[in-house]
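The values are calculated or read from the model by the stated rules, or taken from the named source; none is laboratory data. If you're wondering where the values come from, they're calculated on a predicted model, not measured in any experiment. Cβ coordinates were reconstructed from backbone atoms using ideal geometry, including for glycine residues, and neighbour counts include every protein chain displayed.
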C-alpha cells in the first residue's frame, strides 16, 4: 500500500504543535512552574525597565528551558509506554533527560544573575 504524500500544511502543523502544548502544560507540574517563573521574570524585566536585549536574553533562556522540559516529558512518556514496569535502564534514560533540564535551569539562572547584577549594583550605589 503506497502512502500518498501530502504537501506541508502550516496551519495543520501549528495546530498539532499547540495541541501538544495544551495537552502537556497542565499535566506537568515542572512545566507549569517554569512557565510561571518565565512570565514573572520577564514581567519584572519590563517593570524594572531592563533593556530589550536583556529581556530578550531572559525570554530566550526561559524558552530553551521550557522546550527541554517538554522534550524531557515526551521522552518520559515514551519510556513509560515502551516499558511500563520499573527498569534500571529506563530509569537511567529518564535521569539523563532530567539532567538536560537541569543544565538549562543552571544556564538560565546564570543568565538571570548576569542580567540582574549590573542593575542591583547600580541600585546599591545610589
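Answer yes if at least one residue in the range 109-125 is under 21 Å from residue 26 (Cα atoms) and either part of a helix (DSSP H, G or I) or out of contact with any helix residue (DSSP H, G or I) (no Cβ under 6 Å at 6 or more places or on another chain) (or both), and no otherwise.
Scanning the range 109-125 turns up no residue that is under 21 Å from residue 26 (Cα atoms) and either part of a helix (DSSP H, G or I) or out of contact with any helix residue (DSSP H, G or I) (no Cβ under 6 Å at 6 or more places or on another chain) (or both).
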### Summary
Per the filter on the range 67-91, residues over 18 Å from the mean Cα position of the chain (by Cα), surrounded by 11 or more Cβ atoms within 10 Å (Cβ to Cβ) and part of a helix (DSSP H, G or I) are 78, 79, 80, 90, 91
### Message
residue 45 - would you say it is assigned to a helix (DSSP H, G or I), within 21 Å of residue 113 (Cα to Cα) and at pLDDT below 95?
### Response
yes
